[in-house]
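In what follows, a structure is listed as structure tokens, so that the remarks can point back to it.
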Amino acid sequence: MGSDRWLFASVAEISTAVREGKVSALEVTNAALERIEATDHRLRAFRHVDAEGARATASELDTARRSGVSLGALAGVPIAVKENIPVNGLPREVGSLVRRGERSDSDALAVGRLRSAHGVVIGMTCMPEYGHIGLGHSPLGPATMNPWSMSHTPGGSSSGSAVAVASGQAALALGTDGGGSIRIPSACCGVVGHKPTLGRVPHAPLRAGFSPMSHLGPIGRSVGDVAMMLDVIAGQDHSDPASLPSEGVCYAELSQESRSEGRIAWAPQLGTTTVDHDVLQVCLSAIEALEANGYTVVEIDPFLDDWTDAWAILFDVMMASLVVEHLSDIYRLSEPSLIARVEHGLGTKAIELAKAEATRRDVWAAFHRIYEKFDVIVTPALLGPPLPVDPQTGEIDDPEAWSDRWFMHMYPANLTGQPAASVPVGTTVDGLPVGLQVMGSRFADGRVITFASAVERCVDWLGTRPEVD
């Protein structure tokens, strides 16, 4: 079996084969590193590739297996980590010239758990500066490219993480999501991204206080892959005071259930902005497939008022608090769009912040009423296809056309802390991926995984991937 076989193998296939000695962890790791070398000069998913460290880890796993050690659930699985998450000894530059040259001196708790499950961290993936925008460029270097189309954004801010998984450079990736940053690039790149319930995956070491809207979560090529990673990284740890006890379920097992019943609230539009016709048609096909497979689907009217200003206040205040000690460098080195967010955060009055928190409660109450009648709420992940960008700079072709409303279906899950996943369901007439978002009530990550898996089975996307030279 050639090493290329492992580039798009499932996490279960890789880990089982490594544990059983059918392939070495080093062979799988080398295949991933060779794929990065062959493709990343175009895709630019990685800020830093730790080839030496990855090979050393893989070799240690192979030695341990030969000596009789039982390897973990992610044995030999190549994993990419977003560059704002600490990995011991590796750069943590968060896409910013202000942080250029910084390195972490310890692993984030989630990274440590991935290592304990014998995953192989292969490097740090690119992101826009401080994750402040849902696109794929930053001042640190060339923009990250969408493997489906170099002239369209890969989304952000976990840009490189989604691109690495979609293109076969890594089997899994760890991202963060404060306003869609896992789900946006997953939708743009045709992969699965799950933003867990706030606290399901401990966010330690903490950033920006308790980070009340920022979540850590997995990106993979299938719901099953994502579920296996979530099983490893979820679980309470008191270094994060918001972290939650175990849900008491095995997410990987739930992803394999073949149930065909449940009540789905289909919300083609959550607020005041309509969805692109082409995107909506792809999503409607998935909804029809769910109905044909026995699910009860009820279309609901938009049930939210305009909540985007509240999200922007909370996000920008969090961003300002994150960079306030580096303000002079921010003004000197950072992008105007980041500076605008920081200034908005710094200028927010206490009463405005209190009103935004009140809106957060109103949004939660609106969702809670829906969950009293339905298992999940399903929406188009994005209100349009991946946005056109300059293939050299990664910036929007028409800056006046850029709007946070493109991903406004992302915000509610960050405001409320409820779990949400983006699952690929097809492509537009132009061949661009479309994601369907599955949202569940707070704590119900298992339910989201179950219904996301149902979507995946109904649309037959598995194995679909971009052509990357």
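When the residues of segment 214-242 are filtered to those that are polar (S, T, N, Q) and in contact (Cβ under 8 Å) with a residue 40 or more places away in the chain, the one that is most open to solvent (accessible area, probe 1.4 Å) is Ser239.
Of the residues that make up segment 339-355, is at least one small (Gly, Ala, Ser), surrounded by 16 or more Cβ atoms within 10 Å (Cβ to Cβ) and within 27 Å of Ser138 (Cβ to Cβ)?
Of segment 339-355, the ones small (Gly, Ala, Ser) are 340, 345, 347, 350, 354.
Next, only the ones that are surrounded by 16 or more Cβ atoms within 10 Å (Cβ to Cβ) stay: 345.
Subsequent filtering for residues that are within 27 Å of Ser138 (Cβ to Cβ) retains 345.
Yes.
From the list Trp461, Trp406, the lone residue that is under 17 Å from the mean Cα position of the chain (by Cα) and open to solvent by 10 Å² or more (accessible area, probe 1.4 Å) is Trp406.
Could you list all residues from segment 410-458 that are among the hydroxyl-bearing types (Ser, Thr, Tyr), open to solvent by less than 30 Å² (accessible area, probe 1.4 Å) and part of a strand (DSSP E or B)?
Our first condition is that a residue be among the hydroxyl-bearing types (Ser, Thr, Tyr); within segment 410-458, this holds for 411, 416, 422, 427-428, 441, 450, 453.
Applying the additional criterion that residues be open to solvent by less than 30 Å² (accessible area, probe 1.4 Å) yields 411, 416, 422, 428, 441, 450, 453.
The answer is Ser422, and nothing else.
One residue is enough: does segment 312-329 have a residue meeting the conditions within 30 Å of His277 (Cβ to Cβ) and either open to solvent by less than 40 Å² (accessible area, probe 1.4 Å) or within 22 Å of the chain's Cα centre (by Cα) (or both)? Write out each step before concluding.
Initial filter on segment 312-329 (within 30 Å of His277 (Cβ to Cβ)): 312, 315.
Now narrow it down to the ones that are either open to solvent by less than 40 Å² (accessible area, probe 1.4 Å) or within 22 Å of the chain's Cα centre (by Cα) (or both): 312, 315.
Yes, the conditions are met somewhere in segment 312-329.
Which of the residues belonging to segment 356-368 are farther than 12 Å from Ala312 by Cα and open to solvent by 50 Å² or more (accessible area, probe 1.4 Å)? Passing the criteria: Arg361, Asp362, Trp364, His368.
Sort out which residues of segment 111-129 are of a type outside the set (S, T, N, Q) and within 23 Å of Ala381 (Cβ to Cβ), and write them in order of number. Reasoning before the result, please.
To start, the set of residues in segment 111-129 that are of a type outside the set (S, T, N, Q) comprises 111-115, 117-124, 126-129.
Residues satisfying the conditions are Cys126, Met127, Pro128.
Among the conditions (1) outside any helix (DSSP H, G or I); (2) at pLDDT 95 or above, the only one that Ser211 does not satisfy is (2).
Identify, please: which residue in segment 132-145 is out of contact with any Asp or Glu (no Cβ under 9 Å at 6 or more places or on another chain) and open to solvent by 10 Å² or more (accessible area, probe 1.4 Å) and is, among those, nearest to Pro391 (Cα to Cα)? Show your work before the answer.
To start, the set of residues in segment 132-145 that are out of contact with any Asp or Glu (no Cβ under 9 Å at 6 or more places or on another chain) comprises 136, 141-142, 144-145.
Right, trim to open to solvent by 10 Å² or more (accessible area, probe 1.4 Å) and you get 141-142.
Values: Gly141: 14, Pro142: 10 Å.
Among those residues, the one meeting the criterion is Pro142.
The residues of segment 128-161 that are in contact with a His (Cβ under 6 Å, 6 or more places away or on another chain) and either within 24 Å of Asp225 (Cα to Cα) or part of a strand (DSSP E or B) (or both) amount to a single one, Asn146.
In segment 278-294, which residue that is in contact with a Cys (Cβ under 7 Å, 6 or more places away or on another chain) and in a helix (DSSP H, G or I) is surrounded by the fewest Cβ atoms within 10 Å (Cβ to Cβ)? If you could, list the steps in order and put the result at the bottom.
Step one: list which residues in segment 278-294 are in contact with a Cys (Cβ under 7 Å, 6 or more places away or on another chain), which gives 286, 289-290, 293.
Still in the list and also in a helix (DSSP H, G or I): 286, 289-290.
Working: Ala286: 24, Ala289: 17, Leu290: 23.
Here the residue is Ala289.
For beta carbons closer than 7 Å, sequence separation of 6+ or different chains, a first residue in segment 316-334 that is touching a residue at least 12 places away in the same chain (Cβ under 8 Å) and farther than 25 Å from Glu357 by Cα and a second that is open to solvent by less than 20 Å² (accessible area, probe 1.4 Å) and of a type in the set (Asp, Glu), the qualifying pairs are Ser334/Glu129. Tell me which strands (runs of 3 or more DSSP E) are completely within segment 35-127 and hold 2 or more residues being open to solvent by less than 10 Å² (accessible area, probe 1.4 Å) and touching a Pro at 6+ places or on another chain (Cβ under 7 Å), or say none if there are none. Filter on segment 35-127 gives 120-125.
The residues of segment 246-268 that are open to solvent by 40 Å² or more (accessible area, probe 1.4 Å) and within 22 Å of the chain's Cα centre (by Cα), listed by number, are Ser246, Glu247, Val249, Cys250, Glu253, Gln256.
The values are calculated or read from the model by the stated rules, or taken from the named source; none is laboratory data. Given the structure is predicted, the values throughout are model-derived calculations rather than measurements. All Cβ positions, glycine included, derive from the backbone under ideal geometry; neighbour counts span all protein chains shown. Areas reflect the complete protein model, heavy atoms only, side chains present, ligands, DNA and RNA absent. Shrake-Rupley method; radii C 1.70, N 1.55, O 1.52, S 1.80 Å.
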